[in-house]
Amino acid sequence: MHTRFIVTGLAFALAGCGARSTLEEVDADDTPACTKDERIQGDGEWLRTLGPGKGAELARSANGRIVAAWRTGDRVTLDCEELEPIGDSDLVVASFEPTGEVAWAHRIGVSGVDSHGVRGIGMHHLGVDDDGNVFIAGLGPHGNKLDALGTTIDSELFVLSFDAAGALRWARGYARESDGHVSLDAATVSPEGELTIAYTFQSRLQLDEWAIDGGHGGEMARALITWDPQGAVLRSSRSEGRSFGGLRAGPDGLLAVAWQFPDRTGELELLQGNSSLWSEPMWSVPWALWFRASELVASSSPVPPAERTWLMGLDVGAGGIRWSSAFDAWSGKMGEFPPWASHLVDVDDAMVVAVPLLGSVDLGEQTFSSAGSFDSVLMRVEEGGLPRGFRKIGGAGEEVVTGLVSTDAGRVGLMLQSDAPVDLGFGAPPSACNAASLSCRMLTLAVIEAP
């Protein structure tokens, strides 16, 4: 069965709905424009609920806007505008002003299922370049088409780009020869607008001018695929049996990639078309490498070979790459995961990390205990790795930071996922869950003072 994706959007129409406070518009019948404002505001801080959802990510553009992307099957209310459900798992992309007003939003969804019963969009990743262009990579049902604002493309692996005002710049879609396991592990966007994804698959994937073979003999193939700012495939790489743990793009074409717990040694080969640019050994320890196009810059392991820790966070700094891994001193219960720095951003002259909690964790100057299944601690880390300042986010229920970005004036933007409203000290939004909701894990977007 073939189904089609549908994209609905609201952009400049939101201007009269509190989206742009500098515009004063009225309806044709002289009725004042809608002024509904769902933000809860503190002293320089704000939050707003986005309703039930999952897979939420954040990015910040150069003009200070915060861009969010999440999946949901529920109606989405953004002030006085509503985005109605299309399928069971739609993708919502929305841009917010630094003060929390809605700038624009789109909803992408599929109204049917494929022959294997797959419904809707299963995975996605988000990025923004220095010009404010927004990039989305996602996975849809096998054998279906996506209609992106009038552009019809294959839906199995799709990449889209919107400009800073929310207009579609380009859309690309790619199909595999047959069905099989597939995963979109990570994505990153360079300041210049190159999009790179980490993609796991089994059957052959057809790109613009060449194909990438899938895994052999039951193995999974892992590929890094890069598109140029205009949406053309620039280069790719391929390996088997590996799990990428991090992917970050830096300035001037620098790309860093890390993987964890590889099941055996092997090679990662970078390809441009059918030509091999270079290959590098992959060892049976957590490993990271960074390169610029055809030039391999360096590769190393951030931990001794005897330790089998996780590379959970990865960032590209001016001098190379930075990573975070599981805390060495963790001594939790069997069956629990250790705490890790799941997100890290630069704020002023320090770095702020988000640390999920399971049980309790000793962060040097202070010990924190979790009241729910997941709480989080924001921690400021200064030069030399010294922790200076903490802010706990949590309470009863299940809560976790799924997105973290640096904003202006020493603040950070947070995406929180919780089964109960989150009070950050200046009020909590009402619960968006109801009996008809497909998911009652509520998303909250907030800007708060960094610790």
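The values are calculated or read from the model by the stated rules, or taken from the named source; none is laboratory data. In this text the structure is predicted, and so the values were computed from the model without any measurement. For neighbour counting, all protein chains shown are included, and Cβ atoms are generated from backbone atoms with ideal geometry for every residue, glycine included.
Taking the condition outside the structural domain of residue 400 (by TED's automatic domain parsing), at pLDDT below 50, over 25 Å from residue 410 (Cβ atoms) and surrounded by fewer than 20 Cβ atoms within 10 Å (Cβ to Cβ), does residue 12 pass? Criteria met by residue 12.
Would you mind finding the one in 361, 400, 345 that is of a type in the set (Val, Ile, Thr), over 22 Å from the mean Cα position of the chain (by Cα), assigned to a strand (DSSP E or B) and modelled with pLDDT under 85? Result of the check over 361, 400, 345: 361.
Of all residue pairs spaced 6 or more apart or on separate chains, those with beta-carbon atoms under 7 Å, a first member in segment 409-430 that is on the phi < 0 side of the Ramachandran plot and without any contact (Cβ under 8 Å) to a residue 24 or more places away in the chain and a second member that is in a loop (DSSP other than H, G, I, E, B) and surrounded by 19 or more Cβ atoms within 10 Å (Cβ to Cβ) are 419/441. With a requirement of 2 or more residues that are at pLDDT below 80 and more than 16 Å from the chain's Cα centre (by Cα), the strands (runs of 3 or more DSSP E) lying completely within segment 125-226 that satisfy it span 145-148, 151-154.
Could you please let me know if residue 111 is modelled with pLDDT of 60 or more, buried (at least 19 other Cβ atoms within 10 Å of the Cβ), in contact with a strand residue (DSSP E or B) (Cβ under 9 Å, 6 or more places away or on another chain) and among the small types (Gly, Ala, Ser)? In short, no. Restricted to segment 64-104, and to residues there that are assigned to a strand (DSSP E or B) and of a type in the set (D, E, K, R), the residue that is surrounded by the fewest Cβ atoms within 10 Å (Cβ to Cβ) is 82.
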